[in-house]
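The values are calculated or read from the model by the stated rules, or taken from the named source; none is laboratory data. Since we're looking at a predicted model, the values are computed, not measured. Glycine gets a Cβ as well: all are built from the backbone with ideal geometry, and neighbour counts include every protein chain shown. Each accessible area value is taken on the protein alone, full model and side chains, heavy atoms only, with ligands, DNA and RNA left out. Shrake-Rupley method; radii C 1.70, N 1.55, O 1.52, S 1.80 Å.
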Amino acid sequence: LVTLYLERIDAYNQEFNAIREINENALNEAKELDEERESGKIRSILHGIPIVVKTNIDVTGLATTAGSAALSDNYPLEDAEVIKKLKEAGAIILASTNMSEFAFAASNSNSSYDSVKNVFNTSYTPYGSSGGSAVAVSASFAAASLGTDTNSSVRLPAAAAGLVGLRPSLGLISADGVIPYDTTRDTVGILSK
């Protein structure tokens, strides 16, 4: 799966600009998880499943840029709580995704790293701020993704990409290790087919 998704990212990401940075250790992680599976240890239904993560969520080895060049060397010392739980469940964090700079726009996903393009028509908006997370899943760059939602930043991009976008109840998923927009309304959300 990791190889398949990496090949798709390599072939199509230039058109959509959804992926920000690849986890260079993803293949090694996949091999280790495959060995666990072969030995009979399956952590969860997410064991070995590649996902991508909005770049305002801390993932060790990937820059947490929040879409801003000013944070291009902001490499976290530890994973966000939600990432720790995903890794414990055996998920592979394949890459980070492009987003609206500092999550300021729901109408588009423009960042210091250029605009994310709508997966169905590149002249249309993918909406934001989790546009990269939505487009990445719709373009089959990963099985699922994480975004963040303050007003509609998971749900609008999911709708524009033909996906399911879930905004959990505030506080249900930890926001520790997430660059905030509005701590009274922010929540990590899930996007998938």
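A few points about this structure:
- Per atom type, the chain shows carbon and sulfur on 51% of its accessible surface, probed at 1.4 Å.
- Gyration tensor (alpha-carbon) shape descriptor, the stretch 34-87, a/c threshold 1.5: prolate
- For the pair the stretch 1-25 and the stretch 70-149, the centres of their Cα atoms are 12 angstrom apart.
- Estimated FRET transfer efficiency when R0 is 22 angstrom, pair ARG8-ALA159 (beta carbons, to 0.05): 0.45
- Solvent-accessible surface of the stretch 64-120, taken per residue with a 1.4 Å probe and all protein chains present: 43 Å².
- CD proxy at 222 nm, helix term only [per DSSP H run n ≥ 4: -39500 (n - 2.57); per residue of the chain; nearest 500]: -7500 deg cm²/dmol
- Area of PHE120 that stays accessible when all protein chains are in place (1.4 Å probe, Å², to 10): 140 Å²
- Anisotropy class of the stretch 41-193 from Cα gyration tensor, a/c 1.5 cut: rounded
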